[in-house]
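What follows is one structure encoded as structure tokens, with my remarks underneath.
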Amino acid sequence: MLIYKTKTIQKFKKLEKKIKKNSSKIILYGCSNFALEFLLHTNILDNVIYITDSNNIYHQKKRFGKKVISPKKLNKIKFDKIIITSKAFSSDIKNNLLSLNISRNKIIQL
């Protein structure tokens with residue numbers, strides 16, 4: 001388990017470096033504990049402009065200090081990358097994003 005965690009954290013750090021280098025505007029998809037873990041191991045919160053989640057109990061509320069919006073609003077927002085911060089539903093979320101006409105090259109699966 002420790003090796004997996006170390007590899008995961010290394011992946012987070014590599015992504016953080018790219019985000020910081022490009023001053024990317026990021027949206028996180030997912031309000032789960034995995035999103036919290038991602039944020040705890042990176043320093044990108046200033047780059048996060050919104051969080052989105054399909055669960056409407058989060059909509060128009062704040063999570064991790066950022067406003068949570070409906071995925072349906074994503075096409076109205078200018079952003080560089082959307083990071084899927086859900087492990088269990090990652091493939092479903094990616095398919096949902098593609099169905100919303102979000103460019104494949106903007107989607108990052110962790």
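The values are calculated or read from the model by the stated rules, or taken from the named source; none is laboratory data. Source: prediction; values computed, not measured. For neighbour counting, all protein chains shown are included, and Cβ atoms are generated from backbone atoms with ideal geometry for every residue, glycine included. Please note that ligands, DNA and RNA were not included when accessible areas were found on the heavy atoms of the full protein model with its side chains. Shrake-Rupley method; radii C 1.70, N 1.55, O 1.52, S 1.80 Å.
Summary of values
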| read-out | value |
| --- | --- |
| Accessible surface of the chain [probe 1.4 Å, protein heavy atoms]: carbon and sulfur percent | 52 percent |
| Value of relative contact order over the chain, rounded to a whole percent, pairs C-alpha under 8 Å and six or more apart | 27 percent |
| The chain - charge dipole about Cα centre, Lys and Arg +1 at Cβ, Asp and Glu -1, debye rounded to 20 | 320 debye |
| Structure-derived Rg and Dmax of the Cα atoms in Å - corresponding label in [x] 12.3, 36; [y] 14.6, 46; [z] 13.2, 40 | [z] |
| For the stretch 19-64, convex hull volume per residue from C-alpha positions, Å³ | 68 Å³ |
| GNM result for the chain, Cα springs below 10 Å: residue of S86, S99, S23 fluctuating most strongly | S99 |
| Exposure rank, largest accessible area first [K61, K73, K17; 1.4 Å] | K17, K61, K73 |
| Prolate/oblate/rounded label for the stretch 1-41 (Cα gyration tensor, a/c 1.5) | oblate |
| Accessible area (Å², per residue) of the chain, counting only protein heavy atoms and a probe of 1.4 Å | 63 Å² |
| Selection from N47, L28, T85 lying farthest towards where the dipole of the chain points positive, charges on Cβ | N47 |
| Added length on full extension, which subtracts the Cα-Cα distance from 0.36 nm per residue, H59 to K11 | 14.4 nm |
| Fully extended contour minus Cα-Cα distance, from K76 to L40, at 0.36 nm per residue | 10.1 nm |
| Cβ-Cβ FRET estimate between K18 and D92, R0 fixed at 30 Å, reported to 0.05 | 0.75 |
